[in-house]
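Undergrad: Below is a structure I'd like to ask you about.
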Amino acid sequence: MNAIIFGAPGSGKGTYASRLQSRLGVDVIAMGDIFREILKEDTPLGRKVKGYVEKGLLVSDDIVINVLKERLKKISNGKGFILDGYPRTIKQAKALEEIAKIDVILLQMVPDWIIIERLSSRRICRNCGAVYNIRYLKPKVDGVCDKCGGPLYQRSDDNPEVIKKRIQVYQEQTSPILQHYKKNVPFIVSSITDLETKPETVIEEIMKELKKLKLA
Ligand code: ADP
Ligand code: ZN
């Protein structure tokens, strides 16, 4: 199964993708995680990427498309992949068509107020990338990852000003891509209307729909 998980920043893409990864054995390609690794490097590419990410802007298409191609070469098994954070522009969507066939779009619909609420209290494990929320999805011990014991940190782009920019970029540049897929690819749409919905509830729903489509 090759899927794209689609939704605004903070809509839960990373959380769901990693859970689906353990359920289905697929690879997850998380563009944001890849760029956070690249921007740590003191190289021309690292500095360039850092400039975009820290302002909440999109990394340029040429860089993104190359990074995706490289990553797809390293796919570990034949069970397929979930793309998280790609494509974010029409140009990226078109480039993907040349490389792989997409079987399903997992669309996350989440109102803006929930996104802002979640992102501003989000924490990430520095070691394994697991995602927590100090208000809604707490680790068992403050500041410590349940899975690996690593330290939790706050992403530098999870601050109110940059969050606003990221939501705007999503609405202007990324959300219109959905039109591109509507005709040809089945959608599984998950909508959340309150902050208490547990990830497992959403995952069960997605699994049920994937089975209907014979993709799980
Ligand atoms: P979010 O939680 O905002 O969805 P991600 O972790 O997926 O964030 O991505 C963080 C940042 O990395 C984005 O704001 C953007 O600067 C950059 N980025 C990630 N994926 C892409 C992409 N496909 N095209 C351009 N920039 C990207
Ligand atoms: Zn961890």
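Undergrad: At 0.36 nm per residue, minus the direct Cα-Cα distance, what do Y153 and Y52 gain on full extension? Give it in nm, one decimal, please. Write down the numbers at each step before the final one.
TA: On the way: separation 101, 0.36 × 101 = 36.36 nm, distance 2.02 nm.
Full extension of this stretch gives 34.3 nm more.
Undergrad: With the calculation restricted to Cα positions, what are the radius of gyration and Dmax of the range 135-180 in angstrom?
TA: 15.8, 44
Undergrad: Taking the mean number of other Cβ atoms within 10 Å as a proxy for protection, how do you rank 209-215, 157-163, 1-7 from highest to lowest?
TA: Values: 209-215: 13.9, 157-163: 15.9, 1-7: 22.6.
Per-residue mean Cβ counts within 10 Å order the peptides as 1-7, 157-163, 209-215.
Undergrad: Any idea what the dipole of the range 75-188 comes to, in debye rounded to 20, about its Cα centre with Lys/Arg Cβ at +1 and Asp/Glu Cβ at -1? Provide the component values of the computation, followed by the final result.
TA: Working: 19 positive and 12 negative charges, 23 e Å.
Approximately 120 debye in magnitude.
Undergrad: May I pose another question? How high is the relative contact order of the range 37-135, in percent, counting Cα pairs under 8 Å that sit 6 or more residues apart?
TA: Values: 45 pairs, mean separation 11.9, N = 99.
Relative contact order comes out at 12 percent.
Undergrad: For G7, which sequence-distant residues (separation of 5 or more, or a different chain) have an amide H within less than 5 Å of its own amide H, given hydrogens modelled in the peptide plane?
TA: The list, which skips near neighbours in sequence, is Q108.
Undergrad: Here's something else I'd like to know. Under 4 °C and 1.567 mPa s, how fast does the range 46-125 diffuse according to Stokes-Einstein, given a Kirkwood radius computed over C-alpha pairs? Answer in µm²/s, whole number.
TA: Approximately 86 µm²/s, per Stokes-Einstein.
Undergrad: Skipping prolines and chain starts, which residues have an amide H placed within reach, meaning under 5 Å, of the one on V189, given they are 5 or more residues away or on another chain?
TA: When sequence neighbours closer than 5 places are left aside, the close amide H contacts are L107.
Undergrad: Treating only the Cβ atoms of Lys and Arg (+1) and Asp and Glu (-1) as charged, compute the dipole magnitude of the range 84-132 about its Cα centre; round to the nearest 20 debye. Please list the in-between numbers first.
TA: Numbers: 8 positive and 6 negative charges, 50 e Å.
Charge dipole, the range 84-132, about its Cα centre: 240 debye, nearest 20.
Undergrad: Using the scaling law 2.2 N^0.38 Å as the reference, what is the normalised Cα Rg of the range 1-94? It would help to have the intermediate numbers written out before the result.
TA: Values: Rg = 13.4 Å, N = 94, 2.2 N^0.38 = 12.4 Å.
Here the answer is 1.08, to two decimals.
Undergrad: While we're here: Starting from the Cα coordinates of the range 139-216, work out the convex hull volume and express it per residue in Å³. Working shown, then result.
TA: Numbers: hull volume 12.8 nm³, N = 78.
Hull volume over Cα atoms, normalised by residue count, gives 164 Å³.
Undergrad: Mind grabbing the base-10 log of I(q)/I(0) for the chain at q = 0.07, 0.11, 0.13, 0.17 Å⁻¹? Debye formula, identical points on the C-alpha positions, no solvent, two decimal places.
TA: These q points yield log10 I(q)/I(0) values of -0.20, -0.52, -0.75, -1.40.
Undergrad: How large is the dipole of the chain about the Cα centre if only Lys and Arg carry +1 and Asp and Glu carry -1, each at its Cβ, rounded to the nearest 20 debye? Write out the running numbers ahead of the final one.
TA: Values: 37 positive and 27 negative charges, 66 e Å.
Around 320 debye, computed over the chain.
Only the coordinates and a few stated rules stand behind these numbers; no lab work does. These numbers were taken from a predicted model, which means no experiment stands behind them. Quick reminder, even Gly has a Cβ in these numbers, built from the backbone with ideal geometry, and neighbours come from all protein chains shown.
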